[in-house]
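The values are calculated or read from the model by the stated rules, or taken from the named source; none is laboratory data. Worth saying up front: this structure is predicted, and the values here are computed from it rather than measured. Note that each Cβ is placed from the backbone with ideal geometry, even for glycine, and that neighbours are counted across all protein chains shown. To get the accessible areas, we keep the full protein, side chains included, count just its heavy atoms, and leave off ligands, DNA and RNA. Shrake-Rupley method; radii C 1.70, N 1.55, O 1.52, S 1.80 Å.
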Amino acid sequence: MGALSIRNVKKSYGNTHILKGIDIDIDKGQFLILVGPSGCGKSTLLNMIAGLEDISSGEIHIGNRLVNHLPPKDRDIAMVFQSYALYPNMTVRQNISFGLEIRKIPVAEQKAIVERVANMLQISHLLDRKPNQLSGGQRQRVAMGRALARNPTLFLFDEPLSNLDAKLRVEMRTEIKLLHQRMGTTIVYVTHDQIEAMTLGDRIAVMKDGEVKQFGTPQQIYDTPANLYVAGFIGSPAMNFIPATLEEAEGQAIVRLDNGTETFPAKLGPLGTAQRPYVGKSVILGIRPEQITDQGSAQADQPNLQLIRAKVEITEPTGPDTLVTSQFNGVKVTARCHPQAGMAPGQTATLVIDPSKALLFDPASENRIA
Amino acid sequence: MADLAYHQTPAARIGRFGIYAVLALFALYYLAPLYVMVVTSLKSLEEVRNGNLLALPAAPSLEAWSTAWSSACTGVECSGIQGYFWNSIKMLVPAVALSTLIGAVNGYVLAMWRFKGSDLFFTLLMIGCFLPFQVVILPMAQMLGFLGLENGTARLVLVHTIYGLAFTTMFFRNFYVTIPDELVKAARIDGAGFLRIFFRIMLPISLPTIAVCVIWQTTQIWNDFLFGVVFSAGETQPMTVALNNLVNTSTGVKHYNVEMAAAIIAALPTLCVYAFGGKYFIRGLTAGAVKG
Ligand SMILES: Nc1ncnc2c1ncn2[C@@H]1O[C@H](COP(=O)(O)OP(=O)(O)OP(=O)(O)O)[C@@H](O)[C@H]1O
Ligand SMILES: [Mg+2]
């Protein structure tokens, strides 16, 4: 059962409320991502799990044990920091064994653990160096080694990859995922990078302003975001938000897309009971760029495809795709097209849209209408 | 940039020459007294009286030095400054060690384990750096009286440690605030406590700051005259006070060569500390975050 359970946890500094009641539950072996913009309280929450900051109210359980008042060393956790926080005066070996030494693990065993961890992370040849003789990626590995040596029930990572260059970041990301699969430990991982969140997590908590906006699996978060914030935060390029009026025709939900000269009714599928009250009212249509594409790339067997014409404003080649920007209902809309689709600024292009995958949001509450 | 230096306009070249000339003049101005002191200390009294102040000694001799060390009169007593030299050392070593160590602990707490009012505390401590010696004399005398501390050297150790704490705390605190606090967090998760973190991690990475404190405190304490005069007497007086007595002893002729030798001996330890530690002093003053 619950490897980590966070129950209505709050944090305030005087009158500033940093965390406003967080509820998260994960099972043993799960990889939890805390993602959100800078300053939303991710590190604060992680530090509270670690015992480095006091909990204003609420409860944190690690492995079914209430840890609110336990010091960090008694929580059976290990942590990797953004700045790596290696002890500058110690060699890599001493950095890794420092915690073992404090725990009075016999020297022979310490040695064995250091060897094992160093082999696993391929840093055996660096054991006698000082941190300032290491590259960023090597420091990162040592920091992970220090955490692994402890073999804790819970790993905490605070933006461990954000100081690495783009290429190394992707490499280490894969390596962390592999490590997790091999060892099956429970991990809480803080990032503000939504791609890292999607690729690594079993569970994602999208945070904003000290609240969890949505908690779920990566696919849930991506396919059925709970609100405009989550929908816009996860996914790159971001989801298109098109203001429209919801209409009904023969039991079908319809919104009209106007490219300036022509209007296309987009059929969203059967009108749901939650959608009914919004008929005739303003809604926000959320549709991801990959659900608008050129005719060649569209999978013809999809039953709900519809053709629309768009005036192309800009094209941005990314390599595998070309992002095509046009306007509908007065806002910019990005489509993801094949690079050879021959899209060019100024022309009117025919695009294929899959409205059945589109989402509707309430413009006032910003929540998804479902 | 390099090109600029080679293709200087004549005006720039003259300007540069002017700067060097002025610098050389200043260097000469500051070094001249030291030169006079050294040559005078190597001359006989006869030569001092009859010869030129700037002339090199005709027959250099260390006699004035040995007189100053072991038989010159400092007041009624005539056994040189050696006893006082050791007094100063006995005062210096514990005072420097204590003020540096306590300053390191203070700085560590103020930077890493902030408590309610720690910023106010630090501000008050900073004011301590600006207090002139004279201001603290009276309260210090009262405190020493209250403690009943009789031994002059012990009194001076205490006085200098307390007075120096404002500086050493500031040096260490300003160094430790540049250390990411994630370092302390990592150590806490590793299971290290307050003292272990201090001795195993913080102190070893503060070598440059330790050098700054040692040099600063050595200079301050060794050169101090006021506290020495006020808080010690007779046998336990430090070097500076003895030097003053030696120079002011007004019986017979003035032994300029002996006085100069004594003055150089008095200045030697601080000169040495700078010669050996100056490099670290500069490095420590400019030290930023420890990379790691
Ligand atoms: N000691 C403190 N006193 C008052 N406010 C604080 C304190 N520490 C942090 N905060 C505030 O708490 C908020 C959350 O900080 P936190 O470090 O958890 O953000 P974060 O989500 O980790 O951001 P980032 O992605 O930039 O690391 C910030 O607005 C910060 O200003
Ligand atoms: Mg953070």
- Task: Report the percentage of all Cα-Cα pairs in segment B:1-159 whose separation exceeds 21 Å, rounded to a whole percent.
- Result: 74
- Message: I need the P(r) histogram for the protein assembly as shown: all alpha carbon pairs, bin width 10 Å from 0 out to the longest distance, whole percents.
- Response: 3, 11, 15, 15, 14, 13, 11, 7, 5, 4, 2, 1, 0
- Task: Divide, for segment B:1-85, the radius of gyration over alpha carbons by 2.2 N^0.38 Å, where N is the residue count.
- Result: 1.86
- Could you give the angle, 0 to 90 degrees to the nearest 10, between helix A:166-183's Cα long axis and the longest principal axis of the Cα atoms of chain A? 70
- Task: Quick one: compute the contact order of chain B, relative version, from alpha carbon pairs under 8 angstrom and 6+ residues apart, as a percent.
- Result: 28
- Query: Out of B:THR153, B:SER66, B:GLY128, whose Cα points farthest toward the positive end of the dipole of chain B (charges: +1 Lys, Arg; -1 Asp, Glu; placed on Cβ)?
  - Reply: B:GLY128
- chain A - charge dipole about Cα centre, Lys and Arg +1 at Cβ, Asp and Glu -1, debye rounded to 20: 1180
- Query: Expressed as a rounded percentage, what relative contact order does segment A:289-363 have, with Cα pairs under 8 Å and six or more residues apart?
  - Reply: 44
- Query: Percent relative contact order of chain A, based on C-alpha pairs within less than 8 angstrom and at least six residues apart?
  - Reply: 15
- Message: Between segment B:88-158 and segment A:148-198, what is the separation of their alpha carbon centroids in Å?
- Response: 48
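Could you give the size of the charge dipole of segment A:95-240 about its Cα centre, using +1 on the Cβ of each K and R and -1 on the Cβ of each D and E, expressed in debye and rounded to the nearest 20?
On the way: 18 positive and 15 negative charges, 105 e Å.
It works out to roughly 500 debye.
For every helix of n ≥ 4 consecutive DSSP H residues, a contribution of -39,500 (n - 2.57) applies; sum these over the protein assembly as shown, divide by its total residues, and give [θ] at 222 nm rounded to the nearest 500 deg cm²/dmol. Show your work: numbers first, answer last.
Values: 22 runs with 298 residues, N = 662.
It comes out at -14500 deg cm²/dmol, rounded to the nearest 500.
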- Cα-based Rg of segment A:116-204 per 2.2 N^0.38 Å, rounded to two decimals? 1.07
- What accessible surface, in Å², does a 1.4 Å probe find on B:TRP222, ignoring ligands, DNA and RNA and rounding to the nearest 10? 0
- What figure in square angstrom, to the nearest 10, would you give for the accessible area of B:ASP181 with a 1.4 Å probe? 90
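So, for the protein assembly as shown, what is the accessible surface per residue at a probe of 1.4 Å, expressed in square angstrom? The partial results should precede the final answer.
Numbers: 32360 Å² over 662 residues.
Normalised by residue count, the accessible surface of the protein assembly as shown is 49 Å².
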- Estimated FRET transfer efficiency when R0 is 30 angstrom, pair A:ASP202-B:ARG196 (beta carbons, to 0.05): 0.25
- Task: Would you kindly find the accessible area of B:CYS272, with a 1.4 Å probe and non-protein molecules such as ligands, DNA and RNA excluded, rounding to the nearest 10 Å²?
- Result: 60
- Here FRET efficiency (C-beta to C-beta, A:LYS281 to A:THR261, R₀ 35 Å, nearest 0.05) is 0.85
- Query: Cross-link list A:LYS28/A:LYS167; A:LYS11/B:LYS185; A:LYS104/B:LYS90; A:LYS20/A:LYS357; A:LYS20/A:LYS332; A:LYS10/A:LYS281: which exceed 29 angstrom alpha carbon to alpha carbon?
  - Reply: A:LYS28/A:LYS167; A:LYS104/B:LYS90; A:LYS20/A:LYS357; A:LYS20/A:LYS332; A:LYS10/A:LYS281
- Query: Which Cα, out of A:ALA358, A:THR263, A:ASN68, lies furthest along the positive dipole direction of chain A (beta carbon charges, K/R +1, D/E -1)?
  - Reply: A:ASN68
- Message: Keeping all protein chains in place and using 1.4 angstrom, which order do B:PHE26, A:PHE155 fall into by accessible surface area, from largest down?
- Response: B:PHE26, A:PHE155
- Go from 0 up to the bin containing the longest alpha carbon distance in segment A:240-361, width 5 Å each, and give me the % of pairs per bin. 2, 12, 22, 24, 19, 12, 6, 3, 0
- Message: No partner Cβ under 4.7 angstrom, meaning no disulfide-compatible partner by this rule: which Cys of the protein assembly as shown qualify?
- Response: A:CYS40, A:CYS337, B:CYS129, B:CYS213, B:CYS272
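Show A:GLU159, B:GLU46 ordered by accessible area, largest first, where the area counts protein heavy atoms only and the probe is 1.4 Å. Walk me through the intermediate numbers first.
Details: A:GLU159 20, B:GLU46 115 Å².
Output order, biggest surface exposure first: B:GLU46, A:GLU159.
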- Note on the structure: Placing each pseudo-label 7 Å from Cα in the direction of the beta carbon, A:VAL170 and B:SER70 end up separated by a distance in nanometres of 8.1
- List the residues of segment B:187-213 whose accessible area drops by at least 40 Å² when all protein chains are present, compared with their chain alone, using a 1.4 Å probe and counting only protein heavy atoms. B:ARG188, B:ILE189, B:ASP190, B:GLY191, B:ARG196, B:ARG200, B:ILE201
- Task: Calculate, in nm to one decimal, what B:GLU46 and B:CYS78 gain on full extension: separation in residues at 0.36 nm each, minus their alpha carbon distance.
- Result: 9.4 nm
- Item | Separation between Cα centres of segment A:246-263 and segment B:255-279, rounded to whole Å | 94
- What total accessible area, in Å², is buried where chains A and B meet, using a 1.4 Å probe and rounding to the nearest 100? 2100
- Note on the structure: If unit charges are put on Cβ atoms (+1 for Lys and Arg, -1 for Asp and Glu) and the dipole of segment B:82-286 is taken about its Cα centre, the option from B:ILE221, B:ALA211, B:ALA192 lying farthest towards the positive end turns out to be B:ALA192
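Using only the Cα atoms of chain A, construct the convex hull and provide its projected area averaged over every direction, in square nanometres to one decimal. If you can, show how the numbers build up before the last one.
Details: hull surface 90.0 nm².
The directionally averaged projection comes out at 22.5 nm².
Give me Rg/Rg_expected for chain B, where Rg uses Cα atoms only and Rg_expected = 2.2 N^0.38 Å with N residues.
Numbers: Rg = 24.2 Å, N = 292, 2.2 N^0.38 = 19.0 Å.
Computed over Cα atoms of chain B, the ratio equals 1.27.
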- Please report how far the C-alpha centroid of segment A:266-284 lies from that of segment B:1-74, rounded to the nearest whole angstrom. 95
- Message: Let's see if you can work this out: charge +1 on each Lys and Arg Cβ, -1 on each Asp and Glu Cβ, no other charges. What is the dipole magnitude of segment B:142-270 about its Cα centre, in debye to the nearest 20?
- Response: 280
- Which whole-Hz ³J(HN,Hα) couplings does segment B:65-76 yield from phi under the Karplus relation 6.51 cos²θ - 1.76 cosθ + 1.60, θ = phi - 60°, glycine and proline marked x? 5, 6, 4, 4, 5, 10, 9, 5, 8, 10, x, 6
- Message: Under a crude label model (7 Å from the Cα following the beta-carbon direction), how far is B:PHE130 from A:GLN94 in nanometres?
- Response: 4.1
